[in-house]
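Heads up: the structure comes next, in structure tokens.
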Amino acid sequence: MNVAIVKYNAGNIYSVVNALRRMGIEPTLTDDAELLKKADCVLFPGQGHAAEAMDYLRARRLDEVIRDLKQPVFGICVGQQLLCKHSEEGDTDCIGIFDAEVKRFQPQRHEDKVPCMGWNEIRSKELRSKELRDYQPSPLLEGLGEHPYVYFVHSYYVPICEETIATADYILPYSASMHKDNFYTCQFHPEKSGKVGEKILENFLSLEFKV
């Protein structure tokens with residue numbers, strides 16, 4: 001399988017590279033548009049400043065490349081945020097796959113710390129929206145068990161929206177994972193989330209055969 005990881009102005013990318021290597025996959029880390037287009041699937045992970053990351057992507061027209069990809073794409077942490085319409089971080093327009101505004105956490109109590117850092121439970125949209133009788137759980141989240149805990153590090157969040165497939169709660173409920181067409185995302189770090197995170201990565205890699 002040809003797995004590409006978007007190389008751009010963001011940190012923490014190599015933790016995803018190492019997680020895939022532990023799974024027996026040698027990914028291609030690249031900012032080459034043609035290599036991204038030819039990959040079976042593309043991961044878009046990272047930590048960093050949204051405006052600076054978008055500057056790097058726009059300078060190489062990678063924002064357009066990512067927007068036009070047809071294979072499965074997985075945005076992780078700031079990758080999820082950059083796939084949204086706009087971010088408060090640097091007041092920057094983003095790639096725009098999801099019609100959502102990325103917001104900064106606003107502490108409401110003394111114990112509310114920003115950034116949000118640590119393990120937290122995620123809940124599928126199926127639990128949040130029982131009225132959606134035709135809802136089918138996303139294949140990204142299959143087989144995670146009843147109360148999956150994953151690892152978060154972030155100061156900004158995506159509000160719950162139509163494309164939300166899982167939520168988390170820190171200060172307020174927000175989008176922990178999203179899905180639209182061939183684009184899948186998570187705000188947390190699957191590569192740092194133990195067996196649950198490994199299962200999510202396995203689920204994503206299997207999407208090649210479902211799209």
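The values are calculated or read from the model by the stated rules, or taken from the named source; none is laboratory data. Every value quoted in this text rests on a predicted model; they were computed, and no experiment measured them. Don't worry about glycine lacking a Cβ; one is built from the backbone with ideal geometry, like all the others, and counts go over all protein chains shown. SASA here: full protein model, heavy atoms, side chains in, ligands and nucleic acids out. Shrake-Rupley method; radii C 1.70, N 1.55, O 1.52, S 1.80 Å.
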Selected residue (criterion: nearest to the chain's Cα centre (by Cα)) from residues of the range 43-85 that are assigned to a loop (DSSP other than H, G, I, E, B) and on the phi < 0 side of the Ramachandran plot: Pro45
How many residues are out of contact with any Lys or Arg (no Cβ under 9 Å at 6 or more places or on another chain), modelled with pLDDT under 90 and either loosely packed, with under 12 Cβ neighbours inside 10 Å or not in a strand (DSSP E or B) (or both) if we restrict to the range 106-126? 7
Return the residues of the range 140-176 that are open to solvent by less than 30 Å² (accessible area, probe 1.4 Å), touching a Ser or Thr at 6+ places or on another chain (Cβ under 6 Å) and part of a strand (DSSP E or B); say none if nothing qualifies. Val150, Thr164, Ile165, Ala166, Ser175, Ala176
From Leu57, Leu20, grab the single residue that is open to solvent by less than 70 Å² (accessible area, probe 1.4 Å) and under 24 Å from Cys94 (Cα atoms). Leu57
Are any residues in the range 86-96 open to solvent by 20 Å² or more (accessible area, probe 1.4 Å) and either on the phi > 0 side of the Ramachandran plot or within 14 Å of the chain's Cα centre (by Cα) (or both), and if so, which ones? Gly90, Asp91, Gly96
By residue number, the members of the range 177-197 that are touching a Ser or Thr at 6+ places or on another chain (Cβ under 8 Å), over 21 Å from His49 (Cβ atoms) and open to solvent by 20 Å² or more (accessible area, probe 1.4 Å) are His179
Return the only residue of Ala59, Ala100, Ala53 being of a type in the set (Gly, Ala, Ser) and in contact with a Lys or Arg (Cβ under 7 Å, 6 or more places away or on another chain). Ala100
